[in-house]
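Down below is the structure, laid out as structure tokens.
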Amino acid sequence: MSAESAAFAESAETAETARPAGSAGSAGPTGSARSAGYAGFRARIPALPLPTPQRRVPAPASAREPATATARSGVRRRRPPWVLMYHSVSGCTDDPYRITVSPHRLDRQLRWLRDHGLSGVSVGELMRARAAGRGAGLVGLTFDDGYADFAESALPLLRRHGCTATVFVLPGRLGGDNAWDELGPRKPLLTADGIRAAAAEGMEVGSHGLMHTDLTTADDATLERETKHSRACLADITGTAPQGFCYPYGTVDSRAVEAVRDAGYGYACAIDPGTLTCIHALPRVHIDASDTSVRLFLKRMLNPLRRKPLPSEPPVQHAPVRHAPVQDSPVQDSPVQESPGQDPQAEGSPAAPRAQEPRTPEAPPAAGRAAGQDEDAAGQDADAVGSETGGGR
């Protein structure tokens, strides 16, 4: 052994003999010494009281803040209803405004609603159910313009699937056609007998104005005829004043909303009224022949994201209001000729900015409103769900 190895061994023996008593190699202190140290450490820590478990009792509904209440105004707002907007139901393939759905497609769409636990109802029934807290699973179905094919094609399918709907008609164009659509094709409208037959089948009849005039460009006299007088004409036809109104072309401003409210309607349908959204400017989703089950699913999911919530308002009245026949303006089963004051494109004096759906690029500015352009500027999901504001005829 070298001198260096002998010195290292001697230093190791010295360190081993100098290890404190109770230490064995690297085992550390004995068990009794470790327990004594831990007990002394605990003795120096003050005892903290443990919390007593308590059962949480929910606050009464009157004391809870609504989840959708705005902090600024305190006005309670509700999720927007899902209201589907149809027009014509036929096999016509000439459809420049994308307002026609074939009977086969409508049948599949109504079956999709039923298979997903949804029930199609009239807008009046939907709003009354929502006011009573029973609106879950209900979808509003609307048919604009009052085409004659509603009674021929749509009504049997609605009966088959146990649905009701609201048909918005034009009492000033009974038995006429859609002359306001410049690109055509011409389609006949319901007569007074057809309207009464739809009401007898349990469908709600609402007003689409008198002559399908854009209310945002109408003068005061025309605005009154399109709202109050059309309501009186429908009361004369069905015996019940309608509770629902639908803005022609889907265009609406604050002046039109006030006129509809003053005329006595309980609700009104637009398309995408934006900041004007209320029970007299309800948003709707455009439905056409391209809406498959996948597109319906996506439109349902996106509806609360794309539409503003509704402020709380009084529920729509259910009791019918009977009116005597209008003596000074009898309703006839023939189209009424438009007067200069009833021109849909006549100049008016709107009092506030209007909320209007996009125009079709291929149609003239006078009549080419809303042919399936999506209202979202981003448009990245347009291929998936298509238009929700198109076809506002």
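The values are calculated or read from the model by the stated rules, or taken from the named source; none is laboratory data. Keep in mind the model is a prediction, meaning the values are calculated, not measured. Please note: Cβ atoms are built from the backbone with ideal geometry, for glycine as well, and neighbour counts cover all protein chains shown. The accessibility values were calculated without ligands, DNA or RNA, using every heavy atom of the protein model including side chains. Shrake-Rupley method; radii C 1.70, N 1.55, O 1.52, S 1.80 Å.
In this structure, is residue 282 within 20 Å of the chain's Cα centre (by Cα), open to solvent by 20 Å² or more (accessible area, probe 1.4 Å) and either closer than 25 Å to residue 222 by Cβ or modelled with pLDDT under 95 (or both)? In short, no.
Report yes if some residue within region 109-118 is within 20 Å of residue 196 (Cβ to Cβ), among the small types (Gly, Ala, Ser) and open to solvent by 10 Å² or more (accessible area, probe 1.4 Å); otherwise report no. Within region 109-118, none of the residues are within 20 Å of residue 196 (Cβ to Cβ), among the small types (Gly, Ala, Ser) and open to solvent by 10 Å² or more (accessible area, probe 1.4 Å). Residues that are of a type in the set (D, E, K, R), over 16 Å from residue 240 (Cβ atoms) and open to solvent by less than 40 Å² (accessible area, probe 1.4 Å) within region 173-205 comprise 173, 181, 187, listed in sequence order. Identify all residues within region 140-172 that are open to solvent by 10 Å² or more (accessible area, probe 1.4 Å) and touching a Gly at 6+ places or on another chain (Cβ under 8 Å); write none if there are none. Matches in region 140-172: 148, 151, 161, 163, 164. Mind checking which residues of region 227-256 are in a helix (DSSP H, G or I) and open to solvent by less than 10 Å² (accessible area, probe 1.4 Å)? Matches in region 227-256: 227, 230, 233, 234, 235, 248, 249, 250, 256. Of the residues in region 165-187, none is part of a helix (DSSP H, G or I) and among the hydroxyl-bearing types (Ser, Thr, Tyr).
Note on region 217-238: residues that are in contact (Cβ under 8 Å) with a residue 40 or more places away in the chain and touching a strand residue (DSSP E or B) at 6+ places or on another chain (Cβ under 7 Å) amount to 3.
Could you please give the count of residues in region 126-156 that are among the hydroxyl-bearing types (Ser, Thr, Tyr) and either modelled with pLDDT under 95 or not in a helix (DSSP H, G or I) (or both)? Qualifying residue count, region 126-156: 2.
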